[in-house]
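See below for the structure under consideration.
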């Protein structure tokens, strides 16, 4: 009976809540869709789905299969690893595999993989606003210059508040 109950959860947590990994993937789908200024209906139309299905994916209520995730990546113009990037360690330890490990094994796995991450800039409102504003720049040459400037500044140790 325990085996049947485990199978019926279909990747959910014991209490029936969506798996945090699925929620993370859904958040990444939603974030990228918003950056591209696509409505759920527009995205659904491109994928041959209903907007309700997109809502369920974005909330992690429905798990996204590999072939569907591939299609979503194509529509959103990202690689598959985009959906798993910046995943917090607290989320990683709740994957179905990790839930099967004891705390010591899970901690060891995360340390070996160097996967400790406490801060996800992709969840910040500022990030979404910045990227949205960037894509609203009609002159793509100016947008590229701005992009190059930001990248150069991020690589430098220049302190703009320094009066020297």
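Only the coordinates and a few stated rules stand behind these numbers; no lab work does. Please read these numbers as outputs of a predicted model, since none were measured by experiment. Quick reminder, even Gly has a Cβ in these numbers, built from the backbone with ideal geometry, and neighbours come from all protein chains shown.
What list do you get for 135, 57 if you sort them by fewest beta carbons within 10 Å? Write down the numbers at each step before the final one.
On the way: 135 13, 57 25.
Ranked by crowding around the Cβ, least crowded first: 135, 57.
Modelled label positions at residue 149 and residue 17, each set 7 Å beyond Cα in the direction of Cβ, lie 4.4 nm from each other.
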